[in-house]
Amino acid sequence: MKYGSFNINQAVGTVLCGDIVLGENFYAKGHVLRQEDIVVFKSCGIRSLFAAEFEEGDVNYKIALHQTAAHICGTGLGYLTEGDGVCRIAATTDGVFVADESRLDKFNGFNEHFILNTIAPHSSVKAGDIIAALEITPPLVTEAEVNDMIFRLSGNDSLLTLSPIDEKKALLVYPHLLNDEDENRHFTAVVMKLVTNLEGLGLNFKQEINSRYHAGDLADSLFDAFKQKADVVFVLSPLRCCGRNGVVASALAAATDDIVNYGQPQIGASDLMVAQKGKTKIIVVPHAYDMADTKAIDGLIKHAVFTPHLSEASFMHKRSVRLNEIDPLPVEHMGRLITSGNKKAAANTADVGIVVLAAGQGRRSGANKLMVEDTKGVPLFMKAVNAAVASNAKPVFVVTGFRHEETEEWLDKLDVNILYNPAFASGIRTSIDMGLKSVPLSCDGAILLPADMPNITAADLNKLIDKFDKTAEKQLCLLAHKGVKANPVLWSRSLYDQADIVPENASTRVVFAEHADYTKTVDVKDKKKLFDVNFPNDVKTFAAG
């Protein structure tokens, strides 16, 4: 597109950059000026105007809004662009609005022309309530910009979704220290506020378990709660929890699969802890919950309740701008909502996540090989990441480690899940374990893709997914050239505890022999596909293109 000031006599065919009202005539942003419009403008004394001029590859902003909204809207949402040029996204049914804070922040950093504001995530909404507004500020954007935005969003599930308000069994655990009147009064005040603030989310608070304020006793009480198949277990501490070695934290460490959040930066109420045991969420309510401003706390609690699989990355985010209030869509517009184009995959198609392993130091290569750029200025590890994003695997997880700040600057340009592995120097196994622990339970399997394989494409990854049989309990699929197995490897969920990557000396020995009965291979004719960058000469080969 080309912007500029046009003499009114040469303005036919240009595109208005903003709304203009001339008496009873209204000209909207994006309107293409015709000769009869010029007559009206001149009669009002307008001799020049600032406008845009179409160039090859330009797209009207309304078309761009439609394409972008179709990509970010998930289950239970529809979108509509009205005369003011803003695309409004509304609920098509009752439910809870679900979105990840960090992903919303990322969206608004992808392209300055694309703006997304939403209501607070995990708000209870009714059919017709507007939950988000999307705007593209110029009247024209390039097709390349739209394609780039959609690509950036392709490494994850829908950005915005609506979760049905199903009843969730909530259980309260009281670890008593003194068990006196003041302590019980405090517990009652916390529970009353908690129930009020989480009203409308389907939580059924009916069961209670009492425990001693002792790590072993509290762990036993948590195991009792798990036996009762609670969806959410709330722990109310009689004291403010401090540190990872305290009573409550020690009990969580003993009884749960993973503690994903040890606290939050809120003075006086920093002791919010979140853990997971199978599908059960364990939430330690801050001791001062009854007295604190709990907006941020409640947001994190709701995030924990409605996020299928939690990870530490889920709780590392900044606050995003929100719409001030829920504003219902006019009833007459409900029938015009365009529902999401993101359809569920066919019943026989596997849901596969992918873990890109980009944490290593690359000592043998003589440099930080993952940041070595090709002739187009793209670092090595981004070749693998881009292939993962463009593939049918999702969500995409990228495990970072050595000099992770540099790596993550590139990843901030994509809607992928970043996992920093502080133990990267201990070996790739730590990165594999971290990545697979973060893959949602809804995935049938996960691909392990080393980040030093620049020639792997989305098509190669899709062939692995197509080969994968979601009905088989045990299975792994991998690439092979003339019978020699190679990375990447797709592992079924039941094998995560044994999952590994193919070693470099696979050509000299049998690999994964113990899995031979359920191994499938995708034949690769061109050996260059399997090129991995390990040594200084490999780095030079990659950099030279």
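Tabulated values for the structure
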{"read-out": "Matching residues in the stretch 106-137 - criterion: being part of a helix (DSSP H, G or I) and either open to solvent by 50 Å² or more (accessible area, probe 1.4 Å) or closer than 14 Å to L323 by Cα (or both)", "value": "N108, G109"}
{"read-out": "Single match in A499, A459, A486 (criterion: aliphatic (A, V, I, L, M) and within 21 Å of P440 (Cα to Cα))", "value": "A499"}
{"read-out": "Top-ranked residue of the stretch 468-483 - restricted to ones that are open to solvent by 90 Å² or more (accessible area, probe 1.4 Å) and either basic (K, R) or under 22 Å from V396 (Cβ atoms) (or both), ranked as farthest from the chain's Cα centre (by Cα)", "value": "K482"}
{"read-out": "Top-ranked residue of the stretch 135-163 - restricted to ones that are over 21 Å from the mean Cα position of the chain (by Cα) and of a type in the set (V, I, T), ranked as nearest to A70 (Cα to Cα)", "value": "I136"}
{"read-out": "Residue under evaluation A91, criteria (1) closer than 19 Å to L329 by Cβ; (2) open to solvent by 20 Å² or more (accessible area, probe 1.4 Å), criterion not met", "value": "(2)"}
{"read-out": "Members of the stretch 335-350 found to be over 17 Å from L159 (Cβ atoms), open to solvent by 60 Å² or more (accessible area, probe 1.4 Å) and at pLDDT 65 or above, listed by number", "value": "G335, R336, N348"}
{"read-out": "Qualifying positions in the stretch 162-191 - under 25 Å from C73 (Cα atoms), out of contact with any helix residue (DSSP H, G or I) (no Cβ under 9 Å at 6 or more places or on another chain) and open to solvent by less than 40 Å² (accessible area, probe 1.4 Å)", "value": "L162"}
{"read-out": "The stretch 322-335 residues that are in a loop (DSSP other than H, G, I, E, B), paired with ones that are surrounded by 14 or more Cβ atoms within 10 Å (Cβ to Cβ) (beta carbon under 6 Å, 6 or more apart)", "value": "L323/N117; L323/I119; I326/I119; I326/D129; L329/A90; L329/G128; L329/I130"}
{"read-out": "Residue selected from the stretch 16-62 under the condition touching a residue at least 40 places away in the same chain (Cβ under 8 Å) and farther than 25 Å from V146 by Cα, by the criterion least open to solvent (accessible area, probe 1.4 Å)", "value": "L49"}
{"read-out": "Near pairs, Cβ below 8 angstrom, 6+ apart or cross-chain, from the stretch 226-252 (open to solvent by 10 Å² or more (accessible area, probe 1.4 Å)) to any residue that is of a type in the set (D, E)", "value": "P238/E183; R240/D271; C241/D271; C242/D271"}
{"read-out": "Residue in the stretch 484-501 that is surrounded by the fewest Cβ atoms within 10 Å (Cβ to Cβ), counting only those that are of a type outside the set (D, E, K, R), under 18 Å from M434 (Cα atoms) and in contact (Cβ under 8 Å) with a residue 24 or more places away in the chain", "value": "Y496"}
{"read-out": "Tally, over the stretch 70-112, of residues that are free of Cβ contacts under 8 Å to residues at least 40 places away in the same chain and in contact with a helix residue (DSSP H, G or I) (Cβ under 7 Å, 6 or more places away or on another chain)", "value": "2"}
{"read-out": "L194 being farther than 30 Å from D105 by Cβ and open to solvent by less than 40 Å² (accessible area, probe 1.4 Å)", "value": "no"}
{"read-out": "Residue under evaluation F151, criteria (1) open to solvent by 40 Å² or more (accessible area, probe 1.4 Å); (2) in a loop (DSSP other than H, G, I, E, B), criterion not met", "value": "(2)"}
{"read-out": "Conditions (1) in contact with an Asp or Glu (Cβ under 7 Å, 6 or more places away or on another chain); (2) crowded, with 18+ Cβ neighbours inside 10 Å; (3) among the aliphatic types (A, V, I, L, M); number of the one not met by L77", "value": "(1)"}
{"read-out": "Segments classed as strands (runs of 3 or more DSSP E), wholly inside the stretch 48-101, with at least 1 members that are among the hydroxyl-bearing types (S, T, Y) and out of contact with any Gly (no Cβ under 7 Å at 6 or more places or on another chain)", "value": "48-53, 77-81"}
{"read-out": "Within the stretch 139-148, tally of residues that are open to solvent by less than 10 Å² (accessible area, probe 1.4 Å) and more than 27 Å from I418 (Cα to Cα)", "value": "3"}
{"read-out": "Within the stretch 198-313, helices (runs of 4 or more DSSP H) holding 2 or more residues that are closer than 26 Å to S163 by Cβ", "value": "215-227, 295-306"}
{"read-out": "Qualifying residue in the stretch 517-526 (condition: touching a Ser or Thr at 6+ places or on another chain (Cβ under 7 Å), open to solvent by less than 60 Å² (accessible area, probe 1.4 Å) and free of Cβ contacts under 8 Å to residues at least 60 places away in the same chain)", "value": "no"}
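The values are calculated or read from the model by the stated rules, or taken from the named source; none is laboratory data. Here the structure is a predicted model, which means the values were calculated and not measured. Methodologically, a virtual Cβ is constructed for each residue, glycine included, from the backbone with ideal geometry; neighbour enumeration extends over all protein chains shown. In case anyone asks, the SASA skips ligands and DNA or RNA and just uses the protein heavy atoms, side chains included. Shrake-Rupley method; radii C 1.70, N 1.55, O 1.52, S 1.80 Å.
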